[in-house]
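**Student:** Please read through the structure below; I'll follow up with questions.
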Amino acid sequence: MRVLFIFLDGIGLGANDPDTNPFARAKMPNLNKLLDGRTLLKEAAPFHGEYATLLAVDPAVGVSGLPQSATGQAILMTGINIPAELGYHYGPKPNPDVAAYLKEATLFSRFAKEGKKAALLNAYPSRYFQGIDSGKRLYSSIPLSVVNAGLPLFKHDDLFTGRALSADFTGEGWRTMLGYLDAPVMDAPHAGRTLGTLAKEYDFALFEYWASDYAGHKQEMDNAIKLMETFDGVLGGLTEAWDDGLILVTSDHGNMEDLSTRKHTDAAVPALVIGDKGTRAEFVRGMKDLTHVAPAIWRTVMQ
Ligand SMILES: [Zn+2]
């Protein structure tokens, strides 16, 4: 069965505190509908409903220190407890020791080997590739997994022809931050429908959203609320367009749910699973920490 994985960087399940947690303030009616009135707060998990399941998943995987992006994402890509093997959490970009895990063992490599169609649905601007080619920029763990699997990263033209999506969902950032004044812009529900339509072309599709972690480091409450309200609109359009397969929303570590600190947190991260009830129950069976996510995706796609 098809899986669409929406990766939200730096989202933990936090306290119901409107002073520190944007999830205590953001208006997210589509999420509330999926969770029977709940939202992404610590008190909401575990939840097994008609449309969705919400679990609290441990990103620390038994290793001391705050979880970081390179190792967290590498666990999500491989299911291997990399921090335990290395003895530390590491990030934001993978060092050679973390990168060594992202060759044959990732979901992208393994699906490619099995003849399954897999893709990362983000479009990257030309300057991203220039940065990589010049050595000024390192791949983060997720795109590195894609490239190592021999799969393409989507580019400018893929965004403009509708084969890939902007990292901010709507495309606004390509105009305001990257200077492409003719970039296609869509509202959040439209972006969600587009995401659903694109994902249907693959057995496993991933979309990576990093603005949430960035807003957490910057401690930007208003921006964080706006980002999550946009994400809620995406979720609305996506669930409308989605009829077959599972949607997984999860993260690598907490951050944005506690804006009293600009660091990552030790909070559990949400695993929000949307789709057929029986398939969801099987997907989340035994899911306690980040190492259990990749095997669940593998089982679901291969069944
Ligand atoms: Zn971070």
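**Student:** Test each condition in (1) within 16 Å of the ligand (Cβ to nearest atom); (2) open to solvent by 10 Å² or more (accessible area, probe 1.4 Å); (3) not aromatic (F, W, Y) for T71 and report the one that comes out false.
**Tutor:** The single condition T71 does not satisfy is (2).
**Student:** Show the residue pairs meeting these rules: Cβ distance below 6 Å; 6+ apart or different chains; first residue within segment 1-29 and over 30 Å from P143 (Cα atoms); second residue small (G, A, S) and more than 16 Å from the ligand (Cβ to nearest atom).
**Tutor:** Between residues of segment 1-29 that are over 30 Å from P143 (Cα atoms) and residues that are small (G, A, S) and more than 16 Å from the ligand (Cβ to nearest atom), the close pairs are N16/A24; D17/A24; P18/A24.
Condition check ((1) part of a loop (DSSP other than H, G, I, E, B); (2) of a type in the set (D, E); (3) within 22 Å of A211 (Cβ to Cβ); (4) open to solvent by 60 Å² or more (accessible area, probe 1.4 Å)) across all residues:
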residue	(1), (2), (3), (4)
S109	no, no, no, no
G115	yes, no, no, yes
A119	no, no, yes, no
R127	no, no, yes, yes
R137	yes, no, yes, yes
P143	no, no, yes, no
L159	no, no, yes, no
R163	yes, no, yes, yes
D168	yes, yes, yes, no
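**Student:** Further question: Could you tell me which residue of segment 145-157 is nearest to the chain's Cα centre (by Cα), considering only residues that are crowded, with 16+ Cβ neighbours inside 10 Å and in a loop (DSSP other than H, G, I, E, B)?
**Tutor:** L153
**Student:** State all residues of segment 8-49 that are surrounded by fewer than 22 Cβ atoms within 10 Å (Cβ to Cβ) and either assigned to a strand (DSSP E or B) or charged (D, E, K, R) (or both); if no residue qualifies, say none.
**Tutor:** D17, D19, R25, K27, K33, D36, R38, L41, K42, E43, F47, H48
**Student:** Only one residue in D266, D276 is farther than 27 Å from K27 by Cβ, open to solvent by 30 Å² or more (accessible area, probe 1.4 Å) and within 16 Å of the ligand (Cβ to nearest atom). Which one? Working first, answer last.
**Tutor:** Values: D276 fails: within 16 Å of the ligand (Cβ to nearest atom).
It is D266.
**Student:** Could you identify the single residue in T230, T250 that is under 16 Å from A52 (Cα atoms) and either open to solvent by 60 Å² or more (accessible area, probe 1.4 Å) or touching a residue at least 24 places away in the same chain (Cβ under 8 Å) (or both)? Before the answer, list the steps.
**Tutor:** Details: T230 fails: under 16 Å from A52 (Cα atoms).
The match here is T250.
**Student:** Among what's in segment 209-227 and is open to solvent by less than 10 Å² (accessible area, probe 1.4 Å) and in a helix (DSSP H, G or I), pick the residue that is nearest to the ligand (Cβ to nearest atom). Give the steps one after another, and end with the answer.
**Tutor:** Just the residues of segment 209-227 that are open to solvent by less than 10 Å² (accessible area, probe 1.4 Å), to begin with: 209, 212, 215-216, 224.
Now drop any that are not in a helix (DSSP H, G or I), which leaves 212, 215-216, 224.
Details: S212: 9, A215: 10, G216: 7, A224: 13 Å.
My answer is G216.
**Student:** Let me spell it out: the conditions are (1) polar (S, T, N, Q); (2) in a loop (DSSP other than H, G, I, E, B); (3) touching a residue at least 40 places away in the same chain (Cβ under 8 Å), and S64 meets all of them except one. Which number is the exception?
**Tutor:** (3)
**Student:** Enumerate the pairs (first residue in segment 262-288 and of a type in the set (S, T, N, Q); second residue anywhere and assigned to a helix (DSSP H, G or I)) with beta-carbon separation below 9 Å, excluding pairs fewer than 6 apart on the same chain, so at least 6 apart or on different chains.
**Tutor:** T265/G216; T279/T300
**Student:** When the residues of segment 92-127 are narrowed to those that are free of Cβ contacts under 8 Å to residues at least 24 places away in the same chain and within 30 Å of T161 (Cα to Cα), which ends up nearest to the ligand (Cβ to nearest atom)?
**Tutor:** If we take residues in segment 92-127 being free of Cβ contacts under 8 Å to residues at least 24 places away in the same chain and within 30 Å of T161 (Cα to Cα), then K113 is nearest to the ligand (Cβ to nearest atom).
**Student:** Mind listing just one residue for me: the one in segment 74-91 that is surrounded by 18 or more Cβ atoms within 10 Å (Cβ to Cβ) and within 16 Å of the ligand (Cβ to nearest atom) and, of those, nearest to V3 (Cα to Cα)?
**Tutor:** Only one residue fits best here, namely L76.
The values are calculated or read from the model by the stated rules, or taken from the named source; none is laboratory data. Computed from a predicted structure; not experimentally measured. For neighbour counting, all protein chains shown are included, and Cβ atoms are generated from backbone atoms with ideal geometry for every residue, glycine included. Ligands, DNA and RNA are excluded from the accessible area calculation, which covers all protein heavy atoms including side chains. Shrake-Rupley method; radii C 1.70, N 1.55, O 1.52, S 1.80 Å.
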